[in-house]
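Engineer: One structure is given below, represented as structure tokens, and several questions about it will come after.
The values are calculated or read from the model by the stated rules, or taken from the named source; none is laboratory data. It should be emphasised that the depicted structure is a prediction, and the values quoted were computed from it without experimental measurement. Note that each Cβ is placed from the backbone with ideal geometry, even for glycine, and that neighbours are counted across all protein chains shown.
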Amino acid sequence: MRVAWITDPHLNHADLKAWEHFVASLRQESVDAMLITGDISEGPDVAFQLDRLASAFIGPIYFVLGNHDFYQSSVQAARRMAVDLCRKRANLTYLTDSFPVKMAPQVAIVGEDGWGDATVGDFERSPVVLADFQFIADFQSLMPDERKRKLQRFGQEAADRLQPKLVAAFKQSKVVAVATHVPPFREACWYQGRTTDDLWAPFFVCGQIGKVLEDSAAAFPNHEIVVFCGHTHHRGVARLRDNLTVVTGDAMYGKPQITGLLEISSSSCRWTWG
């Protein structure tokens, strides 16, 4: 199976020419499936863009949501929209709401949206104020200390959802691909060739998902975990353990593109940059 990995396409910023070029690239690469690691669009437009993708691409589309996908909405409402749309579109799968998907005899894929969960870095000293706090309903009325608790709660909920999926995937597969939006480790949070500092890390690393991944890799040393994420719009690869690799994809507003290509065989998941 040949899978096109796309991260942070921000399709609401793409004009018709950019959209047509993007769809043509999918056909040119002759991919069998698509994996999207969040920031598809914003608010109500997310459903439109996913529906448009499902019409333009006949293969399965696996996705998680990113922080921009919750803009002009709430987390619960956006996730409900995604679940409802997947019930109408057979080729759409929202991985945050799904059990492990078998891609090959020994390869499975799982997914979780993830959050910059304020568990890595120095939240209190950081001058960073995310647009999320203005545009996502869950944060709009919160004070800074309340925002931290909310971010940490969202991160814990994400980790709690992911952990049993990983266990289930390991029972049936030797290789597990994990799709998430926010880098789960500081070492995987890339920007212009460097990894993040203490001031940006609280908002760009999901430390609680990182802990689940590290614990799982240690508990299942004969299994391989490959994580695909985005959020930073810059690329890099981090090898956390012999059996745990995190690939962070780059992106550019207005130019949706194939971030990478996954070649899935019966017992391996290999990738190359797009």
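Engineer: Just one of (1) touching a strand residue (DSSP E or B) at 6+ places or on another chain (Cβ under 6 Å); (2) within 18 Å of A118 (Cβ to Cβ) trips up L199, so point out which.
Structural biologist: That leaves (1) as the condition not met.
Engineer: From D69, D84, grab the single residue that is of a type in the set (D, E) and in contact with a Gly (Cβ under 9 Å, 6 or more places away or on another chain).
Structural biologist: Exactly one residue qualifies, and that residue is D69.
Engineer: Now for a different question. Residues V120, V128, V167, V175: which one is farther than 22 Å from L50 by Cα, in contact with a His (Cβ under 8 Å, 6 or more places away or on another chain) and in contact (Cβ under 8 Å) with a residue 40 or more places away in the chain?
Structural biologist: Only one candidate qualifies: V175.
Engineer: Now, a different point. Could you tell me which residue of segment 105-129 is surrounded by the fewest Cβ atoms within 10 Å (Cβ to Cβ), considering only residues that are assigned to a loop (DSSP other than H, G, I, E, B) and touching a strand residue (DSSP E or B) at 6+ places or on another chain (Cβ under 9 Å)?
Structural biologist: Applying the filter and picking the extreme gives Q106.
Engineer: Still on this structure, please answer the following. Suppose the filter is touching a residue at least 24 places away in the same chain (Cβ under 8 Å) and assigned to a loop (DSSP other than H, G, I, E, B); does G155 pass it? Before the answer, list the steps.
Structural biologist: Values: touching a residue at least 24 places away in the same chain (Cβ under 8 Å): yes; assigned to a loop (DSSP other than H, G, I, E, B): no.
No, not satisfied.
Engineer: Which of the numbered conditions does L244 fail, given that it passes all the others? Conditions: (1) surrounded by 17 or more Cβ atoms within 10 Å (Cβ to Cβ); (2) over 18 Å from the mean Cα position of the chain (by Cα).
Structural biologist: Result: L244 passes all but (2).
Engineer: Only residues that are modelled with pLDDT of 95 or more, part of a loop (DSSP other than H, G, I, E, B) and surrounded by 17 or more Cβ atoms within 10 Å (Cβ to Cβ): list them for segment 1-46, please.
Structural biologist: T7, D8, P9, H10, A14, V31, G38, D39, I40, S41, E42
Engineer: Separate question: Collect the residues in segment 47-91 that are part of a helix (DSSP H, G or I), surrounded by fewer than 16 Cβ atoms within 10 Å (Cβ to Cβ) and not hydroxyl-bearing (S, T, Y), keeping them in residue-number order.
Structural biologist: Selection gives F48, D51, R52, A56, Q76, A77, R80, V83, D84, R87, K88.
Engineer: Further question: Just to verify a result, which residue in segment 171-195, among those that are more than 30 Å from P105 (Cα to Cα) and in contact with a strand residue (DSSP E or B) (Cβ under 8 Å, 6 or more places away or on another chain), is surrounded by the fewest Cβ atoms within 10 Å (Cβ to Cβ)? Outline the logic, then answer.
Structural biologist: Of all residues in segment 171-195, those more than 30 Å from P105 (Cα to Cα) come to 186-187, 189-195.
The next check asks that each one be in contact with a strand residue (DSSP E or B) (Cβ under 8 Å, 6 or more places away or on another chain); those that pass are 186-187, 189-190, 193, 195.
On the way: R186: 19, E187: 18, C189: 30, W190: 23, G193: 8, T195: 21.
Only one residue fits best here, namely G193.
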